[in-house]
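The values are calculated or read from the model by the stated rules, or taken from the named source; none is laboratory data. Keep in mind the model is a prediction, meaning the values are calculated, not measured. Here the Cβ positions follow ideal geometry from the backbone for every residue, glycine too, while neighbour counts run over all protein chains shown. Ligands, DNA and RNA are stripped out before the accessible areas are found, and what is left, the full protein with its side chains, is counted by its heavy atoms. Shrake-Rupley method; radii C 1.70, N 1.55, O 1.52, S 1.80 Å.
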Amino acid sequence: MPLFGNSFSPKKTPPRKWASLSNLHLLDRSTREVELGLEYGTPTMNLAGQSLKFENGQWVSESGSFMGDRRELQRLRKRNQQLEEENNLLRLKVDILLDMLSETTAESHLMEKELEELKQHSRRKK
């Protein structure tokens, strides 16, 4: 039981007399597509002067292929291969440097341990 009464009771809206005032539902399918723009066609875009369209799940050049940029494509593939080789070489160098660092660290810890043992041994003699 509410303390102050039920102050919030919105009025019910009256039922609609007409489902729609538009007469587009009376038109056939093809006329509706033209009127409402339901036929979009294939998506197209323009990248770097090349016009591409989306067909069968892939972007395809409207002119057929990228023949004009064949040299550019070969140059990019060669540069990509060079960068991959350089990346592999750098990874190898990093692995070698990490191995060297771990070896040096292990030697350093051994030397520190030997030094501590020598210090303790010399203190016992005194």
Filter the stretch 14-50 for residues that are among the hydrophobic types (A, V, I, L, M, F, W, C), at pLDDT 75 or above and surrounded by 10 or more Cβ atoms within 10 Å (Cβ to Cβ) and give the result.
Met45
Of all residues in the stretch 70-97, which are more than 30 Å from Ala48 (Cα to Cα) and open to solvent by 100 Å² or more (accessible area, probe 1.4 Å)?
Arg91, Lys93, Leu97
Does Lys53 count as at pLDDT 70 or above and in a loop (DSSP other than H, G, I, E, B)?
no
